[in-house]
Amino acid sequence: MSASGRIRVSPDTSTAARVSAVVVENRIRNDTVETGALIAANGTTLAQHTGHADRVPFTVQELLGGAGATFTHNHPRNTGPSVGDVTIGCEFGFHEVRVVTRNHRYMVEHLDRIKVADLQAEYDREEVRIDRLLQDEIRCNKLHPNDFGCELVHRTWLRLSGKWHFQYRREDS
């Protein structure tokens, strides 16, 4: 069990790319700047870069070469995937987009089912709905205010994945 009282689960290492991703994620999860890696299906790292507190740069050529790859990176601000993360994954044909934080590992798959043109607007609409629910949970002492941001992103992606039938999940780590 983790310090937060959550039961830790072993990370999904069902593919060579996921095995390599977990190794990278365990190394970067507590960094104060973003580090990202593009990992081929066979587990080979195609490209890896360290960037800034809120972004990590890759060249267009590297991103184009990542079709079918897994993209993993850390979020020092302890939130799940951004709309930008998922949009890049969709536009460049990634197999999976992953984010690791101090406490969680997030995974988005079946990116071809995501309607990129509608993603930001739909995400914003769902986020407003989830925000209200979480505010109620805080008032009823069901959610700690410190967990608000993390839960807002997580539950918004859960709602969207249910609507559009892509796979989204979060592991406690």
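Coordinate-derived values only; no laboratory data. As the structure is a prediction and not an experimental result, all values here were calculated from the model.
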The alpha-carbon pair-distance distribution computed for the range 16-172, with 5 angstrom bins and whole-percent values, is 2, 10, 19, 21, 21, 15, 8, 3, 1, 0
Expressed as a rounded percentage, what relative contact order does the range 16-172 have, with Cα pairs under 8 Å and six or more residues apart?
19
Nearest 5 is fine: what % of DSSP beta bridges in the chain come out antiparallel, could you say?
80
Please determine, in degrees from 0 to 90 and to the nearest 10, the orientation of helix 16-28 with respect to the longest principal axis defined by the Cα atoms of the chain, where the helix direction is its Cα long axis.
60
Cα centroid separation, the range 9-36 to the range 101-144 (Å)
22
Show me, for the range 115-120, the HN-Hα J-couplings you get by feeding each phi into the Karplus relation (A = 6.51, B = -1.76, C = 1.60, θ = phi - 60°), rounded to Hz, glycine and proline as x.
8, 4, 4, 9, 4, 4
I'd like the Karplus ³J(HN,Hα) series for the range 79-84: coefficients 6.51, -1.76, 1.60, θ = phi - 60°, whole numbers in Hz, and an x wherever there's a Gly or Pro.
10, x, x, 8, 4, x
Acute angle (nearest 10 degrees) that the helix 148-164 long axis makes with the longest principal axis of the chain, alpha-carbon atoms:
70
